[in-house]
Amino acid sequence: MSATHIVTRTINLVLNGESRSVAADPRLLLIELIRDQLDAKGARVGCLTGDCGACSVLLDGEVRKACLVLAASIDGNDVRTIEGLEHIGALQRAFVSHNAFQCGFCTSGMLVVAADLLARNPSPTRDEICHAISGNLCRCTAYEPIVEAIHSAAHNEGVKP
Ligand code: FES
Ligand code: FES
């Protein structure tokens, strides 16, 4: 019987503003790397097939589904999870006041996408909000409270980009 030999490689990244270096199996997905080896648990593991958006992060400033990114492809990139987002207080308050979550499983991914939208477009229409969150599934809320929360945060409270 032979022992399984796992080859690791050093992966460097900037996670939520902090330089990190970790020896990891390069076959890992980015979502597995950040959650299991770097203890950033905010992005969720849902479908692992790119369909639910629960794993949404910002990769070099763009929304990406971290289950579709191989850890081996990361080379000094900037990765931001919900824990590393700044200026999302208005969004968080709006999600609470509009009851925009129930189980909360989708919420971190929704907030990442919403924060990215408002950074690029501080006054989105409801249609633009629907388009932005179209890659993120929520099986609790029927989406309307989420759309209203994002719209309210942008138009009533104002969101610092
Ligand atoms: S876990 Fe990545 S899209 Fe569902
Ligand atoms: S609040 Fe439960 S999946 Fe969205």
>> When you scan region 68-81, do you find a residue that is open to solvent by 40 Å² or more (accessible area, probe 1.4 Å), among the aliphatic types (A, V, I, L, M) and farther than 23 Å from P124 by Cα, even just one?
In response: yes
>> I'd like the full set of residues that are hydroxyl-bearing (S, T, Y) and away from ligand 2 (no atom under 16 Å from the Cβ), limited to region 117-139.
In response: S123, T125
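Residues checked against (1) over 29 Å from A149 (Cβ atoms); (2) in contact with a Cys (Cβ under 9 Å, 6 or more places away or on another chain); (3) in contact (Cβ under 8 Å) with a residue 60 or more places away in the chain:
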residue: R27; (1), (2), (3): yes, no, no
residue: L33; (1), (2), (3): yes, no, no
residue: R44; (1), (2), (3): no, yes, yes
residue: A54; (1), (2), (3): no, yes, yes
residue: R80; (1), (2), (3): no, no, yes
residue: C103; (1), (2), (3): no, yes, no
residue: G109; (1), (2), (3): no, yes, yes
residue: V112; (1), (2), (3): no, no, yes
> So, of the residues in region 90-116 that are polar (S, T, N, Q) and not in a helix (DSSP H, G or I), which turns out to be nearest to ligand 2 (Cβ to nearest atom)?
Replying inline: Q102
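Criterion first (farther than 23 Å from T8 by Cα, at pLDDT below 95 and either open to solvent by 60 Å² or more (accessible area, probe 1.4 Å) or outside any strand (DSSP E or B) (or both)) does H87 satisfy it?
Values: farther than 23 Å from T8 by Cα: yes; at pLDDT below 95: yes; either open to solvent by 60 Å² or more (accessible area, probe 1.4 Å) or outside any strand (DSSP E or B) (or both): yes.
Yes; evaluated as a whole, the condition is true for this residue.
Could you check, for region 16-30, whether at least one of its residues is within 21 Å of G135 (Cβ to Cβ) and modelled with pLDDT of 95 or more?
Initially, region 16-30 is screened for residues within 21 Å of G135 (Cβ to Cβ), giving 29-30.
Then keep just the ones that are modelled with pLDDT of 95 or more; that gives 29-30.
The answer is yes; a qualifying residue exists.
Please list, ordered by residue number, the strands (runs of 3 or more DSSP E) wholly in region 1-73 having 2 or more residues that are under 16 Å from the mean Cα position of the chain (by Cα). Lay out the reasoning, then the answer.
On the way: elements: 9-15, 18-24, 56-59, 62-65.
Where strands (runs of 3 or more DSSP E) fall fully within region 1-73 and carry at least 2 residues being under 16 Å from the mean Cα position of the chain (by Cα), they are 9-15, 56-59, 62-65.
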>> Every residue in region 118-146 that is open to solvent by 10 Å² or more (accessible area, probe 1.4 Å) and not in a loop (DSSP other than H, G, I, E, B), please.
In response: A119, R120, R126, D127, E128, C130, H131, A132, E144, P145
> If you go through region 140-161 one residue at a time, how many are at pLDDT 95 or above, among the aliphatic types (A, V, I, L, M) and more than 16 Å from ligand 2 (Cβ to nearest atom)?
Replying inline: 2
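The values are calculated or read from the model by the stated rules, or taken from the named source; none is laboratory data. Since we're looking at a predicted model, the values are computed, not measured. Backbone-built Cβ (ideal geometry, glycine too); neighbour counts: all protein chains shown. Ligands, DNA and RNA are excluded from the accessible area calculation, which covers all protein heavy atoms including side chains. Shrake-Rupley method; radii C 1.70, N 1.55, O 1.52, S 1.80 Å.
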